[in-house]
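**Q** Let me give you the structure first, and then I'll get to my questions.
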Amino acid sequence: MKANVGIIGLGTVGSALLKQVEALPGYTVKTLAVRRKTKQTALFSYPVTDNAFELIEDPEIDIIFEAINNSEDALAYAKRALTLGKTFISASKAMLANELADLHRIEQECGGTLLYEAAVGGAIPVLRTIREHLGGEDIFKVRGIVNGSCNYILTSMLNEDLSFDEALQNAQILGYAESDPSSDVDGVDSYYKALILAHTINKSAPSLSRIKVEGIRNLESHELKKAYREGQKVKLIAEIEKNGEQYKVDVRPRLIDQTDGLYYVDGVNNAIEIDTAHAGRLILQGQGAGGHPTASAMIGDLVNAQTKREQRIRELLLQI
Ligand code: HSE
């Protein structure tokens, strides 16, 4: 039997999601929710609503994708879907960073499932790697490039001689940047991702001992070029370090040299180093932003959730 899926939001990520779900055997798009119905949305071959709660309440939809830019609405949708015991797959970083503890509580109380692999590192499966593959590890530090727009801007300023504004404009055209790109360039988006990583490492809301957040807005291409001539690159790096029972979160542009693996991570790519007590260092790298890479991570969540769901049903049937 095919599983019914609802998609809230049809921007860069939502549109890519729609295409990927359509191509995925075993899943049917039941309804789309948009902020406003238009002539264009009337052309879709799916029911379209401008009230996302209708989609969430539909008893025939168990799995809901949320890809919108409004944290307040995203939170209300997440709470309702989880309260109804549904699977909610989100990429809303600000909302998740601030609300994960509460949402996990609702998840446990009501039996819903919250998944958000796409919220950190775009296509890179970093959260599942930490949660599942490194589930028993002592992870004492995570460090990386977690904002695709900033890395793309810094790379374009260096390699293509673009100004900060020109490079940012390109990042917006390519669908990498947030609707308010100050969140990217001021380091806030990286900070949210660092908080989600810290939560995942700690397996619950972490206690933070120090927070530092600085972006790339004031960097100029001549500075990047001077550093490059001296064998260095400037990268916006997020660092989460365990300090006893607490975590230090540090986001800022840093000068790194060729001995640092992150030196070679350019363009929209992200890379995340995970330092563990027993497995040593793991490095994950891939496209950190953009519609299809982000949607791909959300599809991974979908398939994972559905596999677990089918397994639970089989176990229940065996008990009868
Ligand atoms: N604006 C974000 C970035 C999108 O550039 O990394 C992916 O989270």
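**Q** Is there any pair with a first residue in the range 180-191 that is assigned to a loop (DSSP other than H, G, I, E, B) and a second that is open to solvent by 40 Å² or more (accessible area, probe 1.4 Å) whose Cβ atoms are under 6 Å apart and which are 6 or more apart or on different chains, and what are they?
**A** G187/V213; G187/E214
**Q** From I283, I216, I272, which residue is in a strand (DSSP E or B), within 16 Å of the ligand (Cβ to nearest atom) and either touching a residue at least 60 places away in the same chain (Cβ under 8 Å) or within 27 Å of R128 (Cα to Cα) (or both)? Before you say what the answer is, go through the steps one by one.
**A** Working: I283 fails: within 16 Å of the ligand (Cβ to nearest atom); I216 fails: in a strand (DSSP E or B).
On inspection, the qualifying residue turns out to be I272.
**Q** Right, something else. Here are K37, K2: which of them is without any contact (Cβ under 8 Å) to a residue 24 or more places away in the chain, farther than 21 Å from A123 by Cβ, of a type in the set (D, E, K, R) and surrounded by fewer than 17 Cβ atoms within 10 Å (Cβ to Cβ)? Lay out the reasoning, then the answer.
**A** Values: K2 fails: without any contact (Cβ under 8 Å) to a residue 24 or more places away in the chain.
Just a single option satisfies the conditions, and that option is K37.
**Q** Counting only residues that are at pLDDT below 95 and of a type in the set (V, I, T), which one in the range 33-72 is farthest from T83 (Cα to Cα)?
**A** Step by step, filter the range 33-72, then rank; the result is T38.
**Q** Related question: Name the residue that is farthest from the ligand (Cβ to nearest atom), counting only residues in the range 172-189 that are of a type in the set (D, E) and out of contact with any helix residue (DSSP H, G or I) (no Cβ under 7 Å at 6 or more places or on another chain). Talk me through it step by step, then tell me what you get.
**A** We begin by selecting, within the range 172-189, every residue of a type in the set (D, E); these are 178, 180, 184, 186, 189.
Filter once more, so that each one left must be out of contact with any helix residue (DSSP H, G or I) (no Cβ under 7 Å at 6 or more places or on another chain): 180, 186.
Details: D180: 10, D186: 12 Å.
Looking at the filtered set, the residue picked out is D186.
**Q** Okay, moving on. Could you please find all residues in the range 177-203 being on the phi > 0 side of the Ramachandran plot and among the basic types (K, R)? Spell out the reasoning first.
**A** Of all residues in the range 177-203, those on the phi > 0 side of the Ramachandran plot come to 187, 203.
The answer is K203, and nothing else.
**Q** Right, here's the next one. Quick one: A94 ticks every box in (1) touching a residue at least 40 places away in the same chain (Cβ under 8 Å); (2) surrounded by fewer than 22 Cβ atoms within 10 Å (Cβ to Cβ); (3) closer than 20 Å to L302 by Cβ except a single one, so which number is it?
**A** Among (1) touching a residue at least 40 places away in the same chain (Cβ under 8 Å); (2) surrounded by fewer than 22 Cβ atoms within 10 Å (Cβ to Cβ); (3) closer than 20 Å to L302 by Cβ, the lone unmet condition for A94 is (3).
**Q** With the condition kept exactly as written, say whether any residue in the range 186-201 is under 21 Å from H292 (Cβ atoms), open to solvent by 30 Å² or more (accessible area, probe 1.4 Å) and under 17 Å from the mean Cα position of the chain (by Cα).
**A** no
**Q** Of the conditions (1) in a strand (DSSP E or B); (2) more than 28 Å from S90 (Cα to Cα); (3) open to solvent by 20 Å² or more (accessible area, probe 1.4 Å), I256 clears all except one; give me its number.
**A** Every condition holds for I256 apart from (3).
**Q** Consider the range 132-164. How many of its residues are in a helix (DSSP H, G or I) and more than 16 Å from the ligand (Cβ to nearest atom)? Quick ask: steps written out before the conclusion?
**A** Initially, the range 132-164 is screened for residues in a helix (DSSP H, G or I), giving 132-133, 148-159, 164.
Then keep just the ones that are more than 16 Å from the ligand (Cβ to nearest atom); that gives 132-133, 158-159.
Of the residues in the range 132-164, 4 are in a helix (DSSP H, G or I) and more than 16 Å from the ligand (Cβ to nearest atom).
**Q** Same structure again: So which of A67, A16 ends up being open to solvent by less than 10 Å² (accessible area, probe 1.4 Å), touching a residue at least 60 places away in the same chain (Cβ under 8 Å) and either within 20 Å of H292 (Cβ to Cβ) or out of contact with any strand residue (DSSP E or B) (no Cβ under 7 Å at 6 or more places or on another chain) (or both)?
**A** That would be A16, the only listed residue that is open to solvent by less than 10 Å² (accessible area, probe 1.4 Å), touching a residue at least 60 places away in the same chain (Cβ under 8 Å) and either within 20 Å of H292 (Cβ to Cβ) or out of contact with any strand residue (DSSP E or B) (no Cβ under 7 Å at 6 or more places or on another chain) (or both).
**Q** Considering only the range 105-131, state which residues are away from the ligand (no atom under 16 Å from the Cβ) and under 26 Å from G187 (Cβ atoms).
**A** Our first condition is that a residue be away from the ligand (no atom under 16 Å from the Cβ); within the range 105-131, this holds for 105-114, 128-131.
Residues satisfying the conditions are L114, R128, T129, I130, R131.
The values are calculated or read from the model by the stated rules, or taken from the named source; none is laboratory data. These numbers come from a predicted model, not from an experiment. Virtual Cβ from ideal backbone geometry, glycine too; neighbours counted across all protein chains shown. Heavy atoms of the whole protein, side chains included, go into the accessibility calculation; ligands, DNA and RNA do not. Shrake-Rupley method; radii C 1.70, N 1.55, O 1.52, S 1.80 Å.
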